[in-house]
Amino acid sequence: MVAAANQQDAADQVSGQLELAEGMLVQEVGWDSDCDESISEAIEDAVGSELLEEDTDEVVDAVLLWWRAGDGDLVDRLMDAVTPLTDDGSVWVLTPKTGLDGHVEPAVIAESAQTAGMLQTRTAALGEWAGSRLTLRKNSAPRK
């Protein structure tokens with residue numbers, strides 16, 4: 001009973017920070033063995049369903065993008081990530097915190113977001129990962 005309560009508390013904390021709610025569809029992109037599985041599990045508990053894989057055809061409310069330095073071009077990845085999003089959806093870019101392998105400077109995320117037609121609207125601290133919430137600019141170029 002205590003374990004279930006602690007799991008629900010973790011889900012509530014993560015969903016509150018990431019602004020996710022029951023019934024939302026969330027796609028997970030860039031997951032690898034270095035990612036924090038407890039974050040993914042907390043999101044699943046919060047939204048009440050499994051995270052959708054990268055190749056989903058569903059329209060999603062949010063994309064959880066795990067990103068590390070050396071993963072490639074963030075602008076290209078963001079352009080791909082917005083394709084399945086609803087018009088008012090968001091992309092959460094999760095990167096290792098400062099001092100950890102794979103850390104990405106916040107300025108790189110902000111510049112990449114701007115180039116991809118997005119705005120950074122919020123940040124969150126999730127264990128050893130830092131989250132940046134990106135949304136589409138209202139007058140951005142049409143998505144592909």
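Residues in the stretch 91-126 that are open to solvent by 40 Å² or more (accessible area, probe 1.4 Å), outside any strand (DSSP E or B) and of a type in the set (Ser, Thr, Tyr): Thr98, Thr115. Residues that are in a helix (DSSP H, G or I) and either over 19 Å from Thr135 (Cβ atoms) or among the small types (Gly, Ala, Ser) (or both) within the stretch 38-59 comprise Ser38, Ile39, Ser40, Glu41, Ala42, Glu44, Asp45, Ala46, listed in sequence order. Of the residues making up the stretch 60-84, those that are open to solvent by 10 Å² or more (accessible area, probe 1.4 Å) and in a strand (DSSP E or B) number 1. Any residue at all in the stretch 38-55 that is open to solvent by 70 Å² or more (accessible area, probe 1.4 Å), at pLDDT below 95 and within 14 Å of Gly127 (Cβ to Cβ)? So far as the stretch 38-55 goes, yes, one or more of its residues are open to solvent by 70 Å² or more (accessible area, probe 1.4 Å), at pLDDT below 95 and within 14 Å of Gly127 (Cβ to Cβ). Among the residues of the stretch 133-140, is any open to solvent by 20 Å² or more (accessible area, probe 1.4 Å), more than 19 Å from Gly30 (Cα to Cα), part of a strand (DSSP E or B) and polar (S, T, N, Q)? No: the stretch 133-140 contains no residue that is open to solvent by 20 Å² or more (accessible area, probe 1.4 Å), more than 19 Å from Gly30 (Cα to Cα), part of a strand (DSSP E or B) and polar (S, T, N, Q).
The values are calculated or read from the model by the stated rules, or taken from the named source; none is laboratory data. Owing to the predicted nature of the structure, the values given are computational and were not obtained by experimental measurement. Neighbour counts are summed over all protein chains in view; Cβ atoms, including those assigned to glycine, are modelled from backbone coordinates with ideal geometry. Side chains are part of the model used for accessible areas, which takes the heavy atoms of the whole protein and leaves out ligands, DNA and RNA. Shrake-Rupley method; radii C 1.70, N 1.55, O 1.52, S 1.80 Å.
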